[in-house]
């Protein structure tokens, strides 16, 4: 079983970055509430492992949440799951090489070099790495050690957003 829900957030009016992040966070957990309720899970408490991965004690259901720049994504599954979304931001184009050298494996760096869309490939690999980390509940420092090139991910675009799921 794999269920996905997405929500675009309209930032009507001027809100601070902190307020935007809180609105995205609250919207994501509202989506999670709705999804869990569909499975009869209405009274629950979210715990976290030593690296901060959220889980529900005693529930036979797994979830992953991501939110960024006005998009929330929630995945619910009967097995461990990781989801990540990012807005493909052209402002990062001049940083693709330096970020790739710092955070990506040689195989991942080669994927970017061989791609016609270096920025899109950069964000695809970044979301793969994040989804992997979230699925296994690893420390974010592990991101540099994860080589995602031989793994299978589900990736989709929604406007300027890339969403990657690792099941």
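The values are calculated or read from the model by the stated rules, or taken from the named source; none is laboratory data. Remember, predicted model here, so these are calculated numbers, not experimental data. Every residue, glycine among them, receives a Cβ derived from its backbone with ideal geometry; neighbour counts consider all protein chains shown.
A few comments on the model shown:
- Residue satisfying all of: in the stretch 141-164; touching a residue at least 40 places away in the same chain (Cβ under 8 Å) and in a helix (DSSP H, G or I); nearest to residue 105 (Cα to Cα) among these: 144
- Leading residue by the ranking (surrounded by the fewest Cβ atoms within 10 Å (Cβ to Cβ)) among those in the stretch 75-91 that are over 20 Å from residue 156 (Cα atoms) and in contact (Cβ under 8 Å) with a residue 24 or more places away in the chain: 79
- Flag if residue 116 is farther than 30 Å from residue 60 by Cα and assigned to a loop (DSSP other than H, G, I, E, B): yes
Rundown of residues vs (1) crowded, with 19+ Cβ neighbours inside 10 Å; (2) touching a helix residue (DSSP H, G or I) at 6+ places or on another chain (Cβ under 6 Å); (3) in a helix (DSSP H, G or I); (4) at pLDDT 95 or above, yes/no style:
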| position | (1), (2), (3), (4) |
| --- | --- |
| 34 | no, no, yes, yes |
| 42 | no, no, no, no |
| 55 | no, no, no, no |
| 60 | no, no, no, no |
| 93 | no, yes, yes, no |
